[in-house]
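Nothing in this text is a laboratory measurement; each read-out follows from the coordinates by a stated rule. Just so we're clear, the structure is a prediction, and the values are computed from it rather than from any experiment. Virtual Cβ from ideal backbone geometry, glycine too; neighbours counted across all protein chains shown.
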Amino acid sequence: MVTLDDIQLAQSRLRGIAARTPLIPCPHQQPGRELYVKPESLQPIGSFKLRGAYNKIASLTDDERHRGVITYSSGNHAQGVAYAARALGAKSVIVMPNNAPQVKIESTRALGAEVVFVGPASSERKARAEELAREHGYVVIPPYNDEKIIAGAGTVGLEILADLPDVATVLVPVGGGGLISGVAAAVKLSGSKARVIGVEPELAADAQASFRAGHIVEFTAEQTSRTVADGLRTQSVGEINFQHIRRFVDNMVTVSESEILEAIRRMALNAKLVAEPSGAVSFAAFLFRGNQLPPAGKTVALISGGNIEPALLARVLSEA
């Protein structure tokens, strides 16, 4: 399990590398429920994934970095690994699904990474990355099921508490579980009484199913591929992540596809922030799942990323 010391060490490693993103008061206020958004979309790669990727690669030995690193990702972790590897002088290879958004593929390549494509299943890209690691000696940088990755993500939680000590609720998007593991650990281990609630698309709600069942539930690639939230299409949470979820997370809620798209639209038009579908689920939960959230207090909606396809953003903004 990740400790508070682990997260604080990650914070020191990330100083000057990851942006210290602000808490922004949101115009969508409700009586007794103040909302703030934390836009990790403002990171150099457009998502929180830089935090965990850099913390992991920075913790490797010189020999390990010399061998090169490899990961498997639908896009945001891919960019995080590519960015961190370039900053630390390591070669990076990324295994991506063939249905990844083009904007994420192009950004990953622009950061100097070699990209290898496989089918849409998260299990398929993991297997291919491990195969290439055995063949070439690369060090695998997992997208979420790793304590250094979790600790890096946990720095988001430390920043939230520093900026809003009396926060009552933190809403966190959930894919493989790296972000919510780290944020929840940081919040709870710091002694805060804030409730940490995960948010998923209804069409890829494996984490909610796991949370309720008390054991990891896996969805098929066909199931998770239905959601527009491409960053949350993982088929199950990681084992290490689930340990943290069971210990530190208070609840899991889901939102519909139409609610995700409406959240993107309102975020852009009213808060003047661009969120990708995966990053908008937390805002969607505040807008449309208020009956499942604490009734009062200050809420933070974590916007995990903003790497949205331009065509999708244009379509969303043109539709009421």
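Please compute the length gained on full extension between S258 and E319, using 0.36 nm multiplied by the number of residues separating them and subtracting their Cα-Cα distance.
Extra length from S258 to E319 when fully extended: 20.8 nm.
How large are Rg and Dmax for segment 4-98 when only the alpha carbon atoms are used, in Å?
Rg then Dmax for segment 4-98, in Å: 16.1, 56.
Could you work out [θ]222 nm for the chain from helices alone, using -39500 (n - 2.57) per DSSP H run of at least four and dividing by all its residues? Round to the nearest 500 deg cm²/dmol. Please report the intermediate quantities before stating the final value.
Working: 14 runs with 149 residues, N = 320.
Rounded to the nearest 500, the figure is -14000 deg cm²/dmol.
Hey, with R₀ at 35 Å, roughly what FRET efficiency would E64 and Q243 work out to, going by the Cβ-Cβ distance, to 0.05?
Rounded to the nearest 0.05, the efficiency is 0.90.
Just order 89-97, 276-284, 225-233 by mean Cβ neighbour count inside 10 Å, highest at the front, would you?
276-284, 225-233, 89-97
At 7 Å along Cα-to-Cβ for each site, give me the label-to-label distance between S12 and D166 in nm.
Each label point is offset 7 Å from its Cα along the Cβ direction, giving 3.3 nm.
Label-point separation (nm) for M1 and E114, each offset 7 Å from Cα along Cα-to-Cβ?
About 4.1 nm separates the two model spin labels.
Where in segment 80-118 does the amide nitrogen come within less than 12 Å of the point 7 Å from the Cα of V140, taken along Cα to Cβ?
No residues fall inside that zone.
Dipole size in debye (nearest 20) for the chain around its Cα centre, Lys and Arg Cβ +1, Asp and Glu Cβ -1?
Roughly 540 debye for the chain.
[x] 131; [y] 170; [z] 113: which one is volume of the Cα convex hull per residue in Å³ as calculated from this entry?
Entry [z].
Anyone know which of A213, A53, A186 comes out most mobile in the 10 Å Cα GNM of the chain?
A213
Quick one: work out Rg over Rh on the C-alpha atoms of segment 50-140, Rh as Kirkwood radius.
Details: Rg = 11.9 Å, Rh = 12.6 Å.
Rg divided by Rh gives 0.94.
In whole Å, how far is the Cα centre of segment 1-80 from that of segment 216-236?
22 Å
Rounding to the nearest 20 debye, state how big the charge dipole of segment 85-217 is about its Cα centre with +1 on each Lys and Arg Cβ and -1 on each Asp and Glu Cβ.
Here segment 85-217 has a charge dipole of around 120 debye.
Would you please give the FRET efficiency between A296 and H215, computed as 1/(1 + (r/R0)^6) with r the Cβ-Cβ distance and R0 = 30 Å, to the nearest 0.05?
Details: r = 33 Å, r/R0 = 1.11.
Efficiency for this residue pair is about 0.35.
Name the long-range amide H neighbours of L35: under 5 Å, sequence gap of 5 or more, or other chain; modelled H, no Pro or chain starts.
C26, Q30, T299
Loop-only GluC sites (Glu not before Pro) in segment 74-125, please: DSSP not H, G, I, E or B, and at most 12 other Cβ atoms within 10 Å.
none
Amide H of N307 versus every other amide H placed in the peptide plane: which residues, excluding those fewer than 5 positions away on the same chain, fall under 5 Å?
E276
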